Structure formats: structure tokens, C-alpha cells
1. For Cα pairs less than 8 Å apart in space and 6+ apart in sequence, what is the mean separation divided by the residue count of the chain, i.e. the relative contact order in percent?
2. Run the quick spin-label model on Ala447 and Asp269: label points 7 Å from Cα toward the beta carbon, then report their separation in nm to one decimal.
3. Can you tell me what share of the DSSP beta bridges in segment 4-448 is antiparallel? A percent to the nearest 5 is fine.
4. Determine the gain in length on full extension of the stretch Ala49-Asp299; use 0.36 nm per residue of separation and subtract their C-alpha separation, reporting nm with one decimal.
5. Applying a 10 Å radius around every beta-carbon, put 70-82, 160-172 in order of their mean neighbour count, most first.
6. How do the peptides 274-285, 298-309 rank, highest first, by the average count of neighbouring beta carbon atoms within 10 Å per residue?
7. Give me Cys183, Cys40, Cys348, Cys415 sorted ascending by neighbouring Cβ count inside 10 Å, so fewest comes first.
8. Between Asp395 and Arg314, with labels modelled 7 Å along Cα→Cβ, what's the label distance in nm to one decimal, could you check?
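Quick note: the coordinates plus some simple rules give every number you see, no bench work behind them. All values reported here derive from a predicted model rather than from experimental measurement. Cβ coordinates were reconstructed from backbone atoms using ideal geometry, including for glycine residues, and neighbour counts include every protein chain displayed.
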Amino acid sequence: MTGAAELVAAFRARERSPVEEAEAALERIAALDERVNAFCLVDADAALADARASEARWGRGDPAGPLDGVPVGVKDLLLTRGWPTLRGSRVVDPAGPWDEDAPVVASLRRSGAVLPGKTTTPELGWKGVTDSPLTGVTRNPWDLRRTAGGSSGGSSAALAAGMVPLALGTDGGGSIRIPCAFCGLPGLKPTFGRVPAWPASPFGPVSHVGPMARTVADLALLLDVIAQPDARDWQQLPPAAGSFAAGLEDGVAGLRIAFSPELGHAAVDPEIAGLVARAASRFAELGAHVEAADPGFSDPRETFDVLWTTGAARAVAALPGGEPTDPGLAEIAAQGRAHSGVEYLAACGERDALAIGMSRFHAQWDLLLTPAMPIAAFAAGHEVPEGSHDPRWPDWTPFTYPFNLTQQPAATVPCGFTADGLPAGLQIVGPRHADALVLRAAQAYEAAHPQETVASL
């Protein structure tokens, strides 16, 4: 499957047509999505109109931006003018009005991207798998019996099925990295504030917006587009000094890299552990100084649970009638309502201490490597794997949510397949604001160990 950067080069050379690419994307969605369930809304007329306008601009030699003519999937938590943003919920009114774009969607439109539709999410994006009473179960293209992960599972499934070359995701506890790891894709949770968000997430400052793709270079390309200033996000960082693609090929020679296979407390499936350890060792072969080192924090699950369940209570309260349709979401919202303001502020203090600890850790280490996920994708339609003693999804995501608490950039890059043919992912974590360095390391690994990122369906 052709990547976004390759498509843009082909459009420029008049070797490919935005209209033909839009038609091909729509045809693949029509052929496969009944089995995968990646899209909850497809607007062929709008996509083809976007593509025809793009083709005219390329014909004049006047593209609107670096994604002109490229199909991009939009997660259905992100406002998109003219389309309902139902957020996986039966109780959101489809009538709207839907008259504004989220900042990232507005940036895509300014860049000339083609938007074929919206990708599935669990109700309000509350969990690490993608199923909802509204849209049903989203499945993993590598094995349709398995989950695509979540909450950006529709975006990851669309990418892994070859429906689109780029997609938008959000990540409040792993919701970009979980589905990318399960579906064998690169994905990035940027530094908090790097990409503008509006309306602000009810889950607060653990929630990030970021790029998902089939190559690291395409992550950088998409990040360049969506990390543009927007006055509606008062917490956005100043614009980056240059393109995230600049220096992407500079490698990792000389970097000080810590490898923490368990973060000091997490249990990891032995097959996944072996694949990740082998991937970590490759960084030494690429010239980095790699050493086993744990960051030194205990599992911050209780801290995360207070912040996440309180956010869920806030999100549910904004629903018409104040009641969701997913029973699991109703349960955690009830837990969130039971927390006092003092408990919430105490959790904020614990989050601050964790972030300070990681800042000190990165004074010694440029990057941290961990597994992205401790397990491979499990059965679709379930919040937790069979036999789990914990009913909630954070139990099997111990490597992702800590770095939502600390707001650091964290990427996942595919690092092989299990004997069952299921992808594994390596997580690369950098200090705050080091998004370009994280992408550079991901690119170095991908270039040395390329992997197929589109499943055969």
C-alpha cells in the first residue's frame, strides 16, 4: 500500500490522481468494512468532491498543503463540520448542529486532505478496546477474531486494512499506542499541548491528540499538519521550530537509551518480551548506548484511576440524560462521582511527582524503551482478556497510561509477530517536548527492520 508521502510525490509528478486514490480508498472500505467495522460514517460524495478540488489544485501546480489529496480517517471523538460526532454513543443527537471542526480537522482541510469518513470508538473513548452499543465491535485485520485495541481502534483497523494511509487518534491512557501495537502500526502520542485540542477532553490533561500511520515518516508528515496553532486551545505549546521530518534520518548513534522490559512491576507475555528485547538490542547495533534501567516508579494505577474515572463522570454528565449506554462506562463514571475533590487533587499531586521523577530520569537518559503492550491482541468484544482477575482495561496496559500522567511523547513501532501472526510493539518514550527525537528513534528502528503494516484480508 502506498504511503502518504509517496502519494504526494506521485500527485506532484502527475503519476497518480487524487480522484483515483479517493475512489480506491472508498472501494476498499466498501469491500472490507463489513468485516472490520473501522468506519462508523462514510461520505463518498464529500470525499470525491474533496478529491476533485485537490486534483484541480495539483493541475494548476498550486497544492493547498503537504497532504493535498491524501485520504485521512478521522476518529469519531473529533468534531467534523457537516458530520455528526456521536462518540460511539446512542444518546448523542445526530441532528447536531455540527457546524465546527476540531483544530486538527480544520488543519487537515486547510492542507487539502480528503476525508472519507469517521472511524469507530468505544462510547466516549473510555476504554482500551473498540466496541460500543452504537457501532458494534471493531476487529483486528490481522485476525478478525481479535480486538483492534482502542480507543482509536477504528483508525488502527482502517490503516492495517489498507483503507487509508493516515488517520487521527486520541490517547488518554494508551488509545493511540494500544491499537497501533495490536495492529502492527507506528503511532505517536505527542507531548501534551503539541497538538491543539478543542473542545478540551473531559478526561483532562491526560488526553492527547496525535497521528497514526503505516510509516514513521508519515507520522511526522501528519504531525506537521495537525500541530498548527489554534486559539481555542489555551494549553497548546508554541509552534515547533521546524518540520518534524527534519533530521528524521539522523539515527540514534551516541544516544543514551534505557531499556525497561517491565517498568519494575509489569508482567509481560514471554513471547512479547522476547520480541521487544530483541528490538531494544538493535538500538545498540545502530550506535546507541543501551542499558537496562528502570525509571524507578511504582505502578501509578490508583492515581490514573482517580483521574480517569473522574473524567468519565464529567463526560457522562454532559450526555443528554446523564446516562451512557455502555454498562462499563456507567460503572466507572459512578466510581468517579464517589471521589472527593481532595482525592482528585491528591491524585494531581501524585501525577506531578511522577512527572518530576521522569524529568530527572531523562537528565541521564535520552530515551526509554519498553514494550508497548505486554500481550498480543485478545478476543474481540471483551474489555479484558479471558481469565483476567481485573475487570477493567488498565490492568493489561501498564506501559501506556503512566506516560499520559507525565504528558511525555511516546511512540509505538512494530517489532515483529508472534507465532500466531499477531503484531508486537516497542514503545519509545522521550522527555517532554522531544517529539522529534522520539520520531527519529522510531524511524531508525523502522529503517533497519521494516515490517509489513497492511494485513491480507
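1. Here the relative contact order equals 18 percent.
2. Each label point is offset 7 Å from its Cα along the Cβ direction, giving 3.1 nm.
3. 70 percent
4. Answer, rounded to one decimal: 85.1 nm.
5. By packing density, highest mean first, the sequence is 160-172, 70-82.
6. 298-309, 274-285
7. Cys348, Cys40, Cys415, Cys183
8. The modelled label-to-label distance comes out at 2.8 nm.
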